1. Does any residue in segment 150-178 that is exposed (fewer than 10 other Cβ atoms within 10 Å of the Cβ) come within less than 7 Å, Cβ to Cβ, of a residue that is at pLDDT below 85 six or more places away or on a different chain, and which pairs are these?
2. So residue 80 clears everything in (1) under 16 Å from residue 125 (Cα atoms); (2) at pLDDT below 90; (3) surrounded by 15 or more Cβ atoms within 10 Å (Cβ to Cβ) except one condition, right? Which one?
3. Scan segment 139-178 for residues that are in a helix (DSSP H, G or I) and of a type in the set (Gly, Ala, Ser) and jot them down.
4. Among the residues in segment 84-94, are any surrounded by fewer than 17 Cβ atoms within 10 Å (Cβ to Cβ), at pLDDT below 85 and over 30 Å from residue 178 (Cα atoms)?
5. Kindly establish whether residue 129 is touching a residue at least 24 places away in the same chain (Cβ under 8 Å) and either touching a Leu at 6+ places or on another chain (Cβ under 9 Å) or in a helix (DSSP H, G or I) (or both).
6. Residues of segment 73-87 being touching a residue at least 40 places away in the same chain (Cβ under 8 Å) and either in contact with a Lys or Arg (Cβ under 6 Å, 6 or more places away or on another chain) or β-branched (Val, Ile, Thr) (or both), which ones?
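The values are calculated or read from the model by the stated rules, or taken from the named source; none is laboratory data. This is a predicted model, so every value here is computed, not measured. Cβ placement follows ideal geometry from the backbone for every residue including glycine, while neighbour counts extend to all protein chains displayed.
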Amino acid sequence: MAIKKKIRDPRALHEETMIIFLKLIASLKRKLTLQEFVEKVQLKYPMSRLLRIQNTINHLKKDTYIRLERNTYPRLTEKGEVYLESITQKQKTHWDKRFRIILFDSIQTTNNNSVYIRAKIKEYGFIPLVRGAWVYPYMCAAFITFLDLEYKLEGRLMCLITQDTDNMAPTRKHFRLR
């Protein structure tokens, strides 16, 4: 019997650390140099190694979540703000009696990232409704925008918002709603 290997997006290398860094950069009250920022991270998280911090910063720059203003001061880009917003939006759990349905069925992307896109959708909390359709009961507009920016889908991912009906009873039961 073969062991099924978990598919992992190579961009999710240091995802937890990335989120911490993005939140720290967003919360900066004044401009800090990159060196001051690294020192602040080491003070706040003393167990973090310098190499991991530098790798995470390079990863964030490469994926354009942050940019260095005048090659010194880290700042969030639009993509970084959208990603951070999608993470905080996921944490809000108030249900407005509507379901969000993403239509996505093996879209041939430029880099053929459909496996990673499906994994991200599932990781966010969506469940499959039918083939190519995923459903989620909470607000997720920032997540849709993030997917569009991250995987360069250029609007080929469709999101529908529907009212709750009796047909959605199994979905409500799965998400423990009502």
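1. Once the first residue is exposed (fewer than 10 other Cβ atoms within 10 Å of the Cβ) and sits in segment 150-178, its partners that are at pLDDT below 85 give 155/148.
2. (1)
3. Scanning segment 139-178 gives 141, 142, 169.
4. No: zero hits.
5. No: the conditions fail for residue 129.
6. Correct list: 73, 75, 82, 87.
Rundown of residues vs (1) closer than 22 Å to residue 65 by Cα; (2) under 21 Å from the mean Cα position of the chain (by Cα); (3) among the aliphatic types (A, V, I, L, M), yes/no style:
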position	(1), (2), (3)
119	yes, yes, yes
138	no, yes, no
159	no, yes, no
164	no, no, no
170	no, no, no
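Let's see how each residue does on (1) farther than 19 Å from residue 78 by Cβ; (2) modelled with pLDDT under 80; (3) touching a helix residue (DSSP H, G or I) at 6+ places or on another chain (Cβ under 8 Å):
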| residue | (1), (2), (3) |
| --- | --- |
| 107 | yes, yes, yes |
| 111 | yes, yes, no |
| 114 | yes, yes, no |
| 117 | yes, no, yes |
| 126 | yes, no, no |
| 133 | yes, no, no |
| 142 | no, no, yes |
| 145 | no, no, yes |
| 148 | no, no, no |
